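The values are calculated or read from the model by the stated rules, or taken from the named source; none is laboratory data. On a predicted model such as this, the values are computed, not experimentally measured, just so you know. Cβ sites come from the backbone with ideal geometry, for glycine too, and all protein chains shown count toward neighbours. When the accessible area is computed, the model is the full protein with side chains, heavy atoms only, and any ligands, DNA or RNA have been set aside. Shrake-Rupley method; radii C 1.70, N 1.55, O 1.52, S 1.80 Å.
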Amino acid sequence: MSVLHIPRAIYDALRAHGEETYPHECCGVLLGESVTGEWRVKSSVRAGNMRTDSAHNRYMIDPVELVRIQRDAMRQGLDIAGFYHSHPDHPAQWSPTDFAEAHWIGCSYVITEVANGKAAITNSFRLAGAAEEDKRFEPQTIEIDEASTATPSESHN
């Protein structure tokens with residue numbers, strides 16, 4: 001099983017983001033470095049949820065915002081390591097919609113269950129495969145780095 005290494009401050013911030021946006025889904029981007037095939041998250045960026053029609057159970061990051069986040073990451077020597085979002089009053093498991101809308105092969109997809117406004121379980125899934133036709137989610141271990149001094153970024157929108 002692959003591992004997603006994430007600093008405690010970023011892990012806590014993405015969970016808090018889910019609580020703040022409850023009962024709507026939050027979303028954001030994880031930036032980091034790939035080391036021996038495993039992502040080491042160095043920062044995160046909150047993104048706006050463009051889904052106004054069903055924000056309680058769907059999310060979409062504005063493509064223009066995502067390009068801006070990616071360019072900023074590249075200037076810092078980082079890559080998009082993955083994405084995070086919340087599932088208000090729903091388990092921290094990927095949904096068929098999450099799978100259909102996941103296209104960043106090799107990246108992590110972190111999902112936090114927010115039950116009655118409180119972050120509960122957080123899980124990560126790596127989008128594996130060689131192409132869109134054989135993509136699949138694989139469970140991923142989240143290793144929280146208690147010693148890291150990395151901090152989450154502010155909202156990017």
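Return the residues of region 18-66 that are of a type in the set (D, E, K, R), more than 20 Å from Q76 (Cα to Cα) and touching a residue at least 12 places away in the same chain (Cβ under 8 Å); say none if nothing qualifies. Within region 18-66, E19, E25, R51, R58, D62 qualify.
Of the numbered criteria (1) modelled with pLDDT of 95 or more; (2) open to solvent by 60 Å² or more (accessible area, probe 1.4 Å), the one V3 fails is (2).
Considering region 75-134 alone, what residues qualify as being in a loop (DSSP other than H, G, I, E, B), within 22 Å of V3 (Cβ to Cβ), open to solvent by 30 Å² or more (accessible area, probe 1.4 Å) and of a type in the set (A, V, I, L, M)? Matches in region 75-134: I105, A130.
Check whether at least one residue in region 50-71 is hydroxyl-bearing (S, T, Y), open to solvent by 10 Å² or more (accessible area, probe 1.4 Å), under 26 Å from P96 (Cα atoms) and not in a loop (DSSP other than H, G, I, E, B), and report yes or no. Can you show your working first?
First, pick out the residues of region 50-71 that are hydroxyl-bearing (S, T, Y): 52, 54, 59.
Add one more test, that the residue is open to solvent by 10 Å² or more (accessible area, probe 1.4 Å), and what stays is 52, 54, 59.
Within this subset, residues satisfying the condition of being under 26 Å from P96 (Cα atoms) are 52, 54, 59.
So of that shortlist, the ones also not in a loop (DSSP other than H, G, I, E, B) come out as none.
No, because not a single residue in region 50-71 is hydroxyl-bearing (S, T, Y), open to solvent by 10 Å² or more (accessible area, probe 1.4 Å), under 26 Å from P96 (Cα atoms) and not in a loop (DSSP other than H, G, I, E, B).
With respect to A150, determine if the residue is surrounded by fewer than 16 Cβ atoms within 10 Å (Cβ to Cβ) and of a type in the set (A, V, I, L, M). Spell out the reasoning first.
On the way: surrounded by fewer than 16 Cβ atoms within 10 Å (Cβ to Cβ): no; of a type in the set (A, V, I, L, M): yes.
Spelling it out, it is not the case that A150 is surrounded by fewer than 16 Cβ atoms within 10 Å (Cβ to Cβ) and of a type in the set (A, V, I, L, M).
Only residues that are buried (at least 24 other Cβ atoms within 10 Å of the Cβ), out of contact with any Lys or Arg (no Cβ under 7 Å at 6 or more places or on another chain) and not in a strand (DSSP E or B) were counted in region 13-47, giving 3. I144 meets each of the listed conditions (1) modelled with pLDDT under 95; (2) farther than 25 Å from A55 by Cα apart from (1).
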